Amino acid sequence: MAAITTTTAPPQTRTVRPIQNKQVVKPGLGVELLTAGTAACIADLFTFPLDTTKVRLQVQGEGGSNALQGRGVFGTLIHIAKNEGPSSLYSGIVPGLQRQMAFSAIRIGAYESVKNKYMEMSGVTGGIQLMGVRIAAGVTTGTLAILAAQPTDVVKVRMQAAGSSQQYKGVMDAYWTIGQKEGLKNGLYRGTFPNIARNCIVNVGETVVYDAAKDGFISGGYMKEGIGCHFSSAVVAGVTATLVASPVDVVKTRFMNSPRGRYRGALHCAQLTAKTEGWMAFYKGFNASCLRLVSWNIVLWLSYEQIKLAVKSHYSKKAAEGYSI
């Protein structure tokens with residue numbers, strides 16, 4: 001009888017695709033900065049005419065700019081468009097966008113990372129101490145942002161104040177002229193300290209208040225995460241930022257726009273403004289500032305949250321692909 005030989009097939013093994021980038025759960029800092037800068041540029045494109053109007057109202061009383069006296073926000077905006085052309089409302093838009101890509105990218109894009117780091121270092125998880133951590137993160141990112149973006153801010157303000165006067169042939173000419181005639185310290189970095197003060201206040205008023213308001217709306221059960229919550233939080237942030245930052249903003253704008261030698265420093269500018277025009281001068285352009293900041297914050301945060309969702313979805317999809325079999 002012939003022997004029957006049996007062969008056992010080797011057990012089948014499932015081939016599991018190697019997990020790649022398992023550690024990628026969220027975008028890196030570079031992507032977060034780009035996301036914030038892009039959202040801020042979108043906001044600037046929509047609201048820049050109001051910003052130009054605000055600057056013109058804030059420099060009233062200086063160097064013969066009383067022609068706009070008593071016109072108000074929309075009267076001033078229409079006056080500029082009618083007498084200088086609609087394009088004058090966008091004078092300084094290029095350095096304005098450059099500023100946002102440097103300034104807002106850092107102050108908003110880096111805020112979450114800095115806040116989380118401070119929470120980790122301090123062990124804070126909630127309560128009033130968390131607000132202190134938020135403020136510290138806002139001041140930190142606001143200061144770093146101005147140190148990076150100050151020259152763009154100076155050029156933006158100068159071009160907005162100049163309008164169609166042909167004082168500068170273009171953006172690069174403005175950088176070159178200010179740098180050559182006034183230097184770095186007294187020109188492109190003029191008003192750095194009041195600008196740091198102003199933007200730390202604005203960053204706390206905008207970024208920190210938005211963060212806290214959104215958290216309060218959601219945790220209190222008043223709203224769910226979504227466009228309605230983002231819109232409401234943005235309005236609260238815009239109004240708060242205008243109220244707390246207007247005096248410093250007026251001093252910053254006047255000091256940056258002034259010829260060399262007019263003021264000994266930012267404090268002298270503030271003292272002279274109060275002495276010659278009264279304390280209400282610090283709220284010149286308030287309506288324009290409020291309208292601009294509220295509308296800017298609405299566009300900014302709605303754009304930012306939607307771009308963040310798209311980026312998060314993209315990274316989640318890539319992470320899921322890394323786990324697929």
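The values are calculated or read from the model by the stated rules, or taken from the named source; none is laboratory data. Here the structure is a predicted model, which is why all the values come from computation and not from measurement. Here Cβ is always computed from backbone atoms with ideal geometry, including for glycine, and neighbour counts include all displayed protein chains. We work out accessible area using only protein heavy atoms, side chains counted, and drop any ligands, DNA or RNA first. Shrake-Rupley method; radii C 1.70, N 1.55, O 1.52, S 1.80 Å.
Given a cut-off of under 8 Å on Cα pairs at least six residues apart, what relative contact order in percent is computed for segment 174-325? In percent, rounded to a whole number, it is 26.
Got a sec? Charge dipole of segment 169-325, +1 on Cβ for Lys and Arg, -1 for Asp and Glu; which of Tyr175, Val202, Val235 is way out at the positive end? About the Cα centre, the residue reaching furthest to the positive side is Tyr175. Note on Lys318: lysines with a C-alpha under 23 Å away, same-chain residues under 8 apart excluded, are Lys22, Lys26, Lys308.
The 1.4 Å probe gives accessible areas that order Val55, Val236, largest first, as Val236, Val55.
Using Cβ point charges alone (K and R +1, D and E -1), the dipole size of segment 214-311 about the Cα centre works out to roughly 540 debye. For segment 199-220, backbone nitrogen atoms closer than 14 Å to the point 7 Å from Val311 Cα along Cα-to-C-beta are found at no residue. Residues of segment 186-203 falling in the label zone of Gln271, defined by backbone nitrogen less than 18 Å from a point 7 Å along Cα to beta-carbon, are 191, 193-194.
Can you list which of the trypsin sites (Lys or Arg not before Pro) found in segment 134-206 are DSSP loop residues with at most 10 other C-beta atoms within 10 Å? Taking segment 134-206 and a limit of 10 other Cβ atoms within 10 Å, the loop trypsin sites (Lys or Arg not before Pro) found are Lys169. Working note: 222 nm ellipticity from helices only, DSSP H runs with n ≥ 4, each -39,500 (n - 2.57), summed and divided by the residues of the chain, gives -24000 deg cm²/dmol to the nearest 500.
Once you order the gyration tensor axes a ≥ b ≥ c over the Cα atoms, which shape class does segment 158-241 get: rounded for a/c under 1.5, otherwise prolate or oblate by comparing a/b with b/c? Since a/c reaches 1.5 and a/b is larger than b/c, the shape of segment 158-241 is classed as prolate. Rounded to the nearest Hz, the phi-derived 3J(HN,Hα) couplings of segment 261-267 under the Karplus curve 6.51 cos²θ - 1.76 cosθ + 1.60 (θ = phi - 60°) are x, 5, 10, 6, x, 5, 5, where x marks glycine and proline. If you bin all the Cα-Cα distances of the chain at 20 Å, starting from zero, the percentages per bin are 29, 49, 14, 4, 3, 1, 0. Contact order, relative form, for the chain: 27 percent (alpha carbon pairs under 8 Å, 6 or more residues apart, mean separation divided by residue count).
Panel values: segment 134-281, Kirkwood radius from alpha carbon pairs, Stokes-Einstein at 4 °C and 1.567 mPa s, translational diffusion coefficient 76 µm²/s. Rounded to whole numbers, the Karplus 3J(HN,Hα) couplings from phi for segment 73-79 are 5, 6, x, 5, 4, 5, 4 Hz, using 6.51 cos²θ - 1.76 cosθ + 1.60 with θ = phi - 60°, and x at Gly and Pro.
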